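Reviewing the structure listed below.
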Amino acid sequence: MNAFLKLSLGTAALLAVGFQACKPKNTSSAVSGDAAVKAYVPPGKYDEFYNFVSGGFSGQLSVYGLPSGRLFRVIPVFSVDPEKGWGYSEETKPMLMTSHGFVPWDDLHHTELSQTNGEIDGRWVFGNANNTPRVARVDLKTFRTAEIIELPNSAGNHSSPFITENTEYVVAGTRFSVPVDYANGDVPISTYKQNFKGTISFISVGKEDGKMDIAFQLLLPGVNFDLSHAGKGPSHGWFFFSCYNSEQANTLLEVNASQKDKDFILAVNWKKAEEYLKAGKGKKEKVRYARNTWDESTHSGKHEILEEVTVLDAVALKDICYLIPCPKSPHGCDVDPTGEYIVGSGKLAALIPVFSYTKMQKAIAAKAFEGEYEGIPVIKYEEALHGEVQKPGLGPLHTEFDGKGNAYTSFFVSSEIVKWNIKDLKVLDRAPTFYSIGHLSIPGGDSKKPSPKYVVGYNKITKDRYLPTGPELAQSAQIYDISGDKMQLINDFPTIGEPHYAQSAPADLISKNSVKIFKIEENNHPYVAKGEKESKVVREGNKVHVYITAIRSHFSPDNIEGVKVGDEVYFHVTNLEQDWDVPHGFAVKGANNAELLVMPGETQTLKWVPEKTGIFPIYCTDFCSALHQEMSGYVRVSPKGSNVPLTFSLGKNSSDAMSKENNSNGH
Ligand code: RUQ
Ligand code: CUA
């Protein structure tokens, strides 16, 4: 065995041991005393907070109540959802388009609520896509994905979608460095150091409409950007990103990207970047990326491909970026509510470094650099350091804040949450988690104004917490009361997919704006039928457009004939109800997609290409009234070339229909 192999295998073995999560002792004493009462929300009573939880590889986002842990809703974001027809209806398909075509899945790791003046404003929640890099904006009036923008020059979008204190920007840093899209990417993988680049996108967000645009991208050396957080208050104007693989390894990263004692936190002066942009220092590059926007007036998504992005070279334009050394493969990068302290969590570090924004500024002014890394100045560690939390636990990942001077850090390896004081760096309390916590979240815990009532831990392993469900288990989230000095576990609940980051907002901030119905008179869908009189069936070549309405408890029309094998049939279903909580569903036998679930006042379209002759029932899938089972109808499919005329009717029963077989327009 050569020396290198010996060394690397040795390190690998060590890491493997280090990364095996240990199970905390005394797991039986999980919940005690008055804990259950604190989490109990009686039937009919509302929760205090909405909890927006990322679904990881499920591509979804789920909405729970705190402190009850009750699941309210699963929002499809980077996923198709047969329950709602998302990704199956003609209107929603464009939302999942990318420069690679239709990509109906992604890996959603982080959620971030929009902010105004550094406080959660309850308007939107953003989510990142890790695989085919995208950022989504979910509108919290409707709890629906309102926009998805793709990121060129990126691969993996992990340090995202963190925002600035007035939601000026959402950021997206590439996890996998790759050759940029506008360069030749057909290069040997071993040329990582020469050809692979890291980019960070600053996506501007429209003040009123939330519309996203890539304002600029920063071109950086090839490393892995992992997480980020914006400065706030005094440090507003700066953004901080953790990065690992400063070794620039392209294979066996578990060993090769863990060689150095320290990787970095990248400090970005985005106000400076804006100045350079204004001064015309950006280069417009030809790329291709998608932007998909949902229009609530037509109830439809629009997909467009954009072809240009402005790139600022962070190495050439000297004073945008600085690096701060950070021990051992930093993961979480969190800024405290005052904006003064930046916490870096090294996955393999035995301490937590806390950096000071003021000291960092002084170090930059005094040029207290230890050198450069790939052309970017590296600030001396001690010059930016406020101090280190000693022996906090094993495998620190993420930190949230209570706004009272305390920080709460999750520890994956030692499976615990540790509370410590930001000023004197003393550990104050620790609570076990079950097991292997990843992210944690305090309502407003990354904003200027946390609501320090609960901290929720999002665990990677659930073994032995719930009834077994075969080889695959749900992950778990756990709620701790943090209103006192000591954390107290009060509840846990299973999650959908694998939770990464989550955020919570006070309930009324969101519930007061919740949309109840869509006004039918404001429905601008091109195929709307605003009453049963407008319902009809129209043939255009081999396309058949069915303008069909739904109201308790029938469709209009509910008998359709003259459809032929191979026709493209579009059922444009308008729900005529104007009452809250009366959706209708729609399904047809043999359709190669899901049902539709249509909200009051809305129009959605199901495409169906019949391949066989016969009679095909249609029916409502949502139990809408006592006569829901009666809400159904029939479509007759005749052979190609048949001369059965196109007819449609409602209320024509077999006896009267028989005499006038081909009569249409049964209104
Ligand atoms: S990650 S468990 Cu994808 Cu945010 Cu840290
Ligand atoms: Cu409409 Cu059931």
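Among the residues of the stretch 149-181, those that are among the β-branched types (Val, Ile, Thr) and within 15 Å of residue 112 (Cβ to Cβ) comprise 149, 163, 164, 167, 170, 171. Within the stretch 604-618, being within 15 Å of ligand 2 (Cβ to nearest atom) and under 33 Å from the mean Cα position of the chain (by Cα) holds for 604, 606. The one condition from (1) of a type in the set (Gly, Ala, Ser); (2) in contact with a Ser or Thr (Cβ under 6 Å, 6 or more places away or on another chain); (3) open to solvent by 10 Å² or more (accessible area, probe 1.4 Å); (4) part of a loop (DSSP other than H, G, I, E, B) that residue 566 does not meet is (2).
Residue count for the stretch 639-648, restricted to those that are among the hydroxyl-bearing types (Ser, Thr, Tyr) and open to solvent by 20 Å² or more (accessible area, probe 1.4 Å): 1. As for the stretch 198-207, it holds no residue that is without any contact (Cβ under 8 Å) to a residue 60 or more places away in the chain, open to solvent by less than 20 Å² (accessible area, probe 1.4 Å) and over 26 Å from residue 306 (Cβ atoms). Here the stretch 304-318 is the region considered, the condition is being farther than 30 Å from residue 94 by Cβ and in contact with a Phe, Trp or Tyr (Cβ under 9 Å, 6 or more places away or on another chain), and the residue that is most open to solvent (accessible area, probe 1.4 Å) is 317. Applying the set (1) open to solvent by less than 10 Å² (accessible area, probe 1.4 Å); (2) farther than 22 Å from residue 127 by Cβ; (3) part of a loop (DSSP other than H, G, I, E, B) to residue 183 leaves exactly one unmet item: (1). In the stretch 465-479, which residues are open to solvent by 10 Å² or more (accessible area, probe 1.4 Å), more than 13 Å from ligand 1 (Cβ to nearest atom) and within 26 Å of residue 419 (Cα to Cα)? Matches in the stretch 465-479: 465 only.
Look at (1) more than 16 Å from ligand 2 (Cβ to nearest atom); (2) buried (at least 16 other Cβ atoms within 10 Å of the Cβ); (3) part of a loop (DSSP other than H, G, I, E, B) and you find that residue 582 fails only one, number (1). Restricting to the stretch 152-178, count the residues that are open to solvent by less than 10 Å² (accessible area, probe 1.4 Å), in a loop (DSSP other than H, G, I, E, B) and hydrophobic (A, V, I, L, M, F, W, C). Looking only at that region, the number is 1. Restricting attention to the stretch 72-103, the residues being open to solvent by 50 Å² or more (accessible area, probe 1.4 Å) and without any contact (Cβ under 8 Å) to a residue 40 or more places away in the chain number 3.
Can you tell me how many residues within the stretch 287-320 are of a type outside the set (Lys, Arg), in a strand (DSSP E or B) and within 27 Å of the chain's Cα centre (by Cα)? Counting residues in the stretch 287-320 that are of a type outside the set (Lys, Arg), in a strand (DSSP E or B) and within 27 Å of the chain's Cα centre (by Cα) gives 19. Selection over the stretch 625-638 of residues that are open to solvent by less than 20 Å² (accessible area, probe 1.4 Å) and either assigned to a helix (DSSP H, G or I) or within 14 Å of ligand 2 (Cβ to nearest atom) (or both) gives a count of 3. Selection over the stretch 605-624 of residues that are in a strand (DSSP E or B) and among the charged types (D, E, K, R) gives a count of 1.
Is it true that residue 530 is part of a loop (DSSP other than H, G, I, E, B), buried (at least 16 other Cβ atoms within 10 Å of the Cβ), touching a strand residue (DSSP E or B) at 6+ places or on another chain (Cβ under 8 Å) and at negative phi? Answer is yes for this residue.
Hey, among 324, 376, 320, 364, which residue is of a type outside the set (Ser, Thr, Tyr) and under 11 Å from residue 265 (Cβ atoms)? Let's see the steps before the verdict.
On the way: 376 fails: under 11 Å from residue 265 (Cβ atoms); 320 fails: under 11 Å from residue 265 (Cβ atoms); 364 fails: under 11 Å from residue 265 (Cβ atoms).
Within the list 324, 376, 320, 364, the selection yields 324.
Tally up the residues in the stretch 122-141 that are open to solvent by 30 Å² or more (accessible area, probe 1.4 Å) and more than 15 Å from ligand 1 (Cβ to nearest atom), please.
The total comes to 3.
The values are calculated or read from the model by the stated rules, or taken from the named source; none is laboratory data. Keep in mind the model is a prediction, meaning the values are calculated, not measured. Cβ coordinates were reconstructed from backbone atoms using ideal geometry, including for glycine residues, and neighbour counts include every protein chain displayed. Note: areas computed on protein heavy atoms with side chains; ligands, DNA, RNA excluded. Shrake-Rupley method; radii C 1.70, N 1.55, O 1.52, S 1.80 Å.
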